[in-house]
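The values are calculated or read from the model by the stated rules, or taken from the named source; none is laboratory data. Computed from a prediction, not measured in an experiment: that's the story for all the values here. Every residue, glycine among them, receives a Cβ derived from its backbone with ideal geometry; neighbour counts consider all protein chains shown. These area figures cover heavy atoms from the full protein model, side chains too; ligands, DNA and RNA do not enter into them. Shrake-Rupley method; radii C 1.70, N 1.55, O 1.52, S 1.80 Å.
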Amino acid sequence: MKTFVCPACGKGKVAPRGGKGRSFPYKQVPALDIDDDFQIPTCDACGEMFIGAALAKKLDAHLERQYQRLLGNVVKSAIARIATHAPQQELEQLLGLSHGYLSKLRNGRKDPSPTLVGELMMLAENPRKRVGELRRHWAAAASGGAPKAASSGS
Amino acid sequence: MPEAPWHPLSEVKALVAADKFDLAVTSATKRILPHLLDRTIEGVRGFARAVIAQLRLVDFAHRVNLPRPLRKGFIVHDVYATRLTKTVTEMHLEGSQKTTWYVKLTIVTSGSRRVFVLSLHCLMDPIRRADGTTLSPTWKENE
């Protein structure tokens, strides 16, 4: 790639460069880090970066890998937190997952859907309370009524 | 006589349609990606292609002349203010309420000619176009 004068500031030169601390929004994540050695045409004066057609494909592939890695890490920590308050098998039943699915996620043998990761994050924030709520909601749905509030003693 | 775009709009459209364009990251990628249905870099490029394809000469607002160092002339930015069509908003945007957009672009010749889309975001302030009409941010129009 040829070096050229920065079309944004008119002062610096644009050339492919790596860098620390660069991130992009991607899907529902506000900022996903990209590797320091990932080369993006960048102005040496204003720091503006430019993305052409070929680089866009490469960058999307890179961000997708980072995204899947993030989902995998989040899912593992969420399952570990929830597991202290609900057996994994019961959690699978409550979430409508097949038996053993959470183990596959924990071991990195399956890629989780963002929807499931979102649900697990919500449950992991307060596993005792939220798993209890989920149990009550399913019980109430089965009987056609509204879920009863948790009793203070339980 | 009203000011006209420095870079012929027909050439801008042809280059962008042929995928010969770059997006600036700060004001033409990161700022809008979270508001798109397809929240990927390819999604932003698809949106930019659609916006530029629907630009008209009446959308042109003004030029910005950016002096180059050592008196080597200017880089000329063309600024447009456009109202997106219903089709474009529904196809690309999450929520179709923001319909008035700001576009700033230039053409750079470095080997081949390429369009650089430097800004692409919804209008933040009213902007007067070269034909004398004013386009306002959507939230102001709804006040």
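Data overview
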| item | result |
| --- | --- |
| Where B:ARG68 falls short, out of the listed (1) at pLDDT 90 or above; (2) charged (D, E, K, R); (3) surrounded by 13 or more Cβ atoms within 10 Å (Cβ to Cβ) | (1) |
| Which listed residue, of B:LEU66, B:LEU36, B:LEU70, is touching a Gly at 6+ places or on another chain (Cβ under 6 Å), farther than 30 Å from A:PRO30 by Cβ and within 14 Å of another protein chain (Cβ to nearest Cβ) | B:LEU66 |
| Number of the exception - B:SER10 against (1) polar (S, T, N, Q); (2) more than 21 Å from A:GLY10 (Cβ to Cβ); (3) within 14 Å of another protein chain (Cβ to nearest Cβ); (4) open to solvent by 70 Å² or more (accessible area, probe 1.4 Å) | (3) |
| Extreme residue, nearest to the chain's Cα centre (by Cα), among residues of the range B:96-111 that are touching a residue at least 40 places away in the same chain (Cβ under 8 Å) and more than 10 Å from every other protein chain (Cβ to nearest Cβ) | B:VAL103 |
| Pair list, Cβ under 9 Å, 6 or more apart: the range B:17-30 residue more than 7 Å from every other protein chain (Cβ to nearest Cβ), other residue polar (S, T, N, Q) | B:LYS20/B:SER112; B:SER27/B:SER119; B:ALA28/B:SER119 |
| Tally of residues being of a type in the set (Lys, Arg) and on the phi > 0 side of the Ramachandran plot across the range B:97-143 | 0 |
| Subset of the range B:55-91 (residues that are touching a residue at least 40 places away in the same chain (Cβ under 8 Å) and more than 21 Å from B:SER136 (Cβ to Cβ)) | B:ARG63, B:VAL76, B:HIS77, B:MET91 |
| Search result, residues across the range B:44-63 that are farther than 21 Å from A:CYS46 by Cβ and within 9 Å of another protein chain (Cβ to nearest Cβ) | B:ARG45 |
| Every residue from the range B:36-65 that is open to solvent by less than 10 Å² (accessible area, probe 1.4 Å) and of a type in the set (Lys, Arg) | B:ARG45 |
| Hey, A:GLY72 without any contact (Cβ under 8 Å) to a residue 24 or more places away in the chain and more than 30 Å from A:THR3 (Cβ to Cβ) or not | no |
| Neighbours by Cβ (under 7 Å, 6+ apart or cross-chain): first from the range A:102-122, in contact (Cβ under 8 Å) with a residue 12 or more places away in the chain; second charged (D, E, K, R) and open to solvent by 80 Å² or more (accessible area, probe 1.4 Å) | A:ARG106/A:LYS76 |
| Any helices (runs of 4 or more DSSP H) falling wholly within the range A:60-154 and containing at least 2 residues that are over 22 Å from the mean Cα position of the chain (by Cα) and at pLDDT below 95 | A:88-95, A:127-143 |
| Subset tally (residues that are without any contact (Cβ under 8 Å) to a residue 24 or more places away in the chain, within 13 Å of chain B (Cβ to nearest Cβ) and either more than 17 Å from B:THR29 (Cβ to Cβ) or crowded, with 17+ Cβ neighbours inside 10 Å (or both)) for the range A:23-40 | 1 |
| Scan of the range A:41-58 for residues that are free of Cβ contacts under 8 Å to residues at least 12 places away in the same chain and touching a Lys or Arg at 6+ places or on another chain (Cβ under 6 Å), ordered by number | A:ALA56 |
| Hits in the range B:73-95 - residues which are open to solvent by 30 Å² or more (accessible area, probe 1.4 Å), away from every other protein chain (no Cβ under 14 Å) and not hydroxyl-bearing (Ser, Thr, Tyr) | B:ARG83, B:LYS86, B:GLU90, B:MET91, B:HIS92, B:GLY95 |
